[in-house]
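Notes follow once the structure below has been shown.
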């Protein structure tokens, strides 16, 4: 895949380019046409969630630094932040489940010496069943985390591709007016 063309702001800041002034002006106009000129805003549900809010601020700063914090990306960035917060929440729940299993193991080991053989057998079955249920819950949470991580990755890829593809849409060179006039003459029958 070819390297995407540099945005006008980069070309301007470098101060050197093989492009003509007309080509640079056309690139600048093309880039401006691809943005709404409105800064992206944080949705209410993102503001309410501490983790999502923090992620939104981080991403907004990054996008601001490359002049891409445009409202055109608002929906996907807000959705990304909510998914990110959900992923963190599920990971915390999985860790809590793990800690609970470890506590149960410790309590079971400590209580063994106080149980008689018959009672110990019953309690061991109950303990094994409880641990099995908790482990199944952990695995289910892990599946959900993996699904959300995949969604996050897909959004990240698409978002980057959208920005890169927006830059690729901008014509690199201005149209050649004389070639266009020649084609029009030929098509109209005046191409002597």
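In the set (1) under 18 Å from residue 155 (Cβ atoms); (2) surrounded by fewer than 17 Cβ atoms within 10 Å (Cβ to Cβ); (3) modelled with pLDDT under 95, the condition left unmet by residue 103 is number (1).
Any chance the range 59-73 includes a residue that's modelled with pLDDT of 90 or more and out of contact with any helix residue (DSSP H, G or I) (no Cβ under 7 Å at 6 or more places or on another chain)? Yes: the range 59-73 contains one or more residues that are modelled with pLDDT of 90 or more and out of contact with any helix residue (DSSP H, G or I) (no Cβ under 7 Å at 6 or more places or on another chain).
When residue 71 is tested against (1) more than 30 Å from residue 134 (Cα to Cα); (2) touching a residue at least 12 places away in the same chain (Cβ under 8 Å); (3) surrounded by fewer than 16 Cβ atoms within 10 Å (Cβ to Cβ); (4) over 16 Å from the mean Cα position of the chain (by Cα), just one condition goes unmet, and that condition is (4). Of the set (1) surrounded by 11 or more Cβ atoms within 10 Å (Cβ to Cβ); (2) touching a strand residue (DSSP E or B) at 6+ places or on another chain (Cβ under 9 Å), all apply to residue 37 but (1). Taking the criterion of being over 25 Å from residue 151 (Cβ atoms) and surrounded by 14 or more Cβ atoms within 10 Å (Cβ to Cβ), would at least one residue in the range 86-93 satisfy it? Within the range 86-93, none of the residues are over 25 Å from residue 151 (Cβ atoms) and surrounded by 14 or more Cβ atoms within 10 Å (Cβ to Cβ).
The values are calculated or read from the model by the stated rules, or taken from the named source; none is laboratory data. Small disclaimer: the values here were computed from a predicted structure and weren't measured. No Cβ is skipped: glycine too gets one built from the backbone with ideal geometry, and neighbour counts run over all protein chains shown.
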